[in-house]
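Asks: Below you'll find the structure I mean.
The values are calculated or read from the model by the stated rules, or taken from the named source; none is laboratory data. Because the structure is a prediction, the values reported are computed rather than measured. Here the Cβ is made from the backbone with ideal geometry for all residues, glycine too, and neighbour counts use every protein chain on show. Please note that ligands, DNA and RNA were not included when accessible areas were found on the heavy atoms of the full protein model with its side chains. Shrake-Rupley method; radii C 1.70, N 1.55, O 1.52, S 1.80 Å.
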Amino acid sequence: MVRTAAAVWLAVTVTSACGRGTAPPPADDAGGVRHAVEQPAAARPRIVFLGDSLTAGYGLDAREAYPSLIAARLRAAGLEFEVVNAGVSGDTSAGGLSRIDWSLDGDVRVLVVALGGNDALRGLGTAELERNLSRIIERARGRGARVILAGMEAPPNMGPAYTSAFRAVYRDLASRHDVAFIPFLLDGVAGNATLNQADGIHPNAAGAKRVADLVWPHVERAAREAAQHD
């Protein structure tokens with residue numbers, strides 16, 4: 001079950017993250033952001049992944065992060081897009097909102113929004129999370145981009161009222177804005193030691209592949225729709 005796995009993963013996350021602070025970006029990051037997972041090509045339309053360390057590929061080679069894996073699948077499928085990894089380790093929904101205009105630079109056709117895990121770890125209000133994510137979606141839609149919203153789960157120690165309200169933010173936003181929705185980015189990965197790094201928080205290479213498997217159908221569908229409207 002997603003909720004059971006999420007509870008295990010987030011319990012570990014709370015213990016680890018509170019003990020050592022925000023994780024640093026991977027060594028091959030430039031300030032926590034990989035501007036693209038493949039050679040930029042200004043003429044091509046873009047697919048942007050806006051997220052935190054889970055998206056940035058913390059602890060992984062750049063080629064192992066799930067946006068890179070999806071870029072390879074797009075190429076294999078003959079879908080010509082420049083894939084941009086706009087993941088920043090430790091970022092919150094507010095951080096994502098603060099850089100959304102940069103992230104939407106160029107011909108962005110699809111935006112994958114995978115933020116909120118750090119909001120939960122810091123116990124930030126769900127109203128703030130909702131407001132930030134809603135503005136991100138609105139700005140992306142305002143520029144004609146298709147949006148895929150990936151949900152996260154709040155730590156169980158925050159109490160049932162908070163965890164329920166946190167989960168509902170994503171569901172309600174997806175319904176209100178009529179965007180593609182992935183209820184939990186780490187579904188099938190959270191709580192599985194064989195799919196996570198030693199910190200118990202971040203997916204290892206096998207875990208990142210599992211995340212890519214989850215996200216890929218949504219990205220493929222959006223990419224094909226975008227290509228048909230050229």
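Asks: Only residues that are surrounded by fewer than 17 Cβ atoms within 10 Å (Cβ to Cβ) and not in a helix (DSSP H, G or I): list them for the range 155-182, please.
Replies: Scanning the range 155-182 gives GLY159, ASP178.
Asks: Follow-up. Can you tell which of GLY151, GLY117, GLY87 is crowded, with 17+ Cβ neighbours inside 10 Å, touching a Pro at 6+ places or on another chain (Cβ under 6 Å) and closer than 28 Å to ALA205 by Cα?
Replies: GLY151
Asks: Report the residue count in the range 63-79 for those that are open to solvent by 20 Å² or more (accessible area, probe 1.4 Å) and either without any contact (Cβ under 8 Å) to a residue 60 or more places away in the chain or closer than 13 Å to VAL215 by Cα (or both).
Replies: Total meeting the criteria: 7.
Asks: So, of the residues in the range 46-62 that are of a type outside the set (A, V, I, L, M) and open to solvent by less than 20 Å² (accessible area, probe 1.4 Å), which turns out to be nearest to ASP107 (Cα to Cα)?
Replies: PHE49
Asks: Only one residue in ARG141, ARG131 is open to solvent by 10 Å² or more (accessible area, probe 1.4 Å) and touching a residue at least 12 places away in the same chain (Cβ under 8 Å), so which one is that?
Replies: Selected residue: ARG141, the only one of ARG141, ARG131 that is open to solvent by 10 Å² or more (accessible area, probe 1.4 Å) and touching a residue at least 12 places away in the same chain (Cβ under 8 Å).
Asks: Next question. Those residues that are within 18 Å of ASP61 (Cβ to Cβ), within 17 Å of the chain's Cα centre (by Cα) and open to solvent by 40 Å² or more (accessible area, probe 1.4 Å), I need them from the range 183-205; list them, please.
Replies: Matches in the range 183-205: ALA205 only.
Asks: Check whether at least one residue in the range 129-146 is under 22 Å from GLY191 (Cα atoms) and charged (D, E, K, R), and report yes or no.
Replies: Looking through the range 129-146, none of the residues is under 22 Å from GLY191 (Cα atoms) and charged (D, E, K, R).
Asks: Return yes or no: is ARG224 of a type in the set (D, E, K, R), open to solvent by 40 Å² or more (accessible area, probe 1.4 Å), part of a helix (DSSP H, G or I) and over 27 Å from SER134 (Cβ atoms)?
Replies: no
Asks: Hey, can you tell me all the residues within the range 90-102 that are surrounded by fewer than 24 Cβ atoms within 10 Å (Cβ to Cβ) and part of a helix (DSSP H, G or I)?
Replies: ALA94, GLY95, LEU97, SER98, ILE100, ASP101, TRP102
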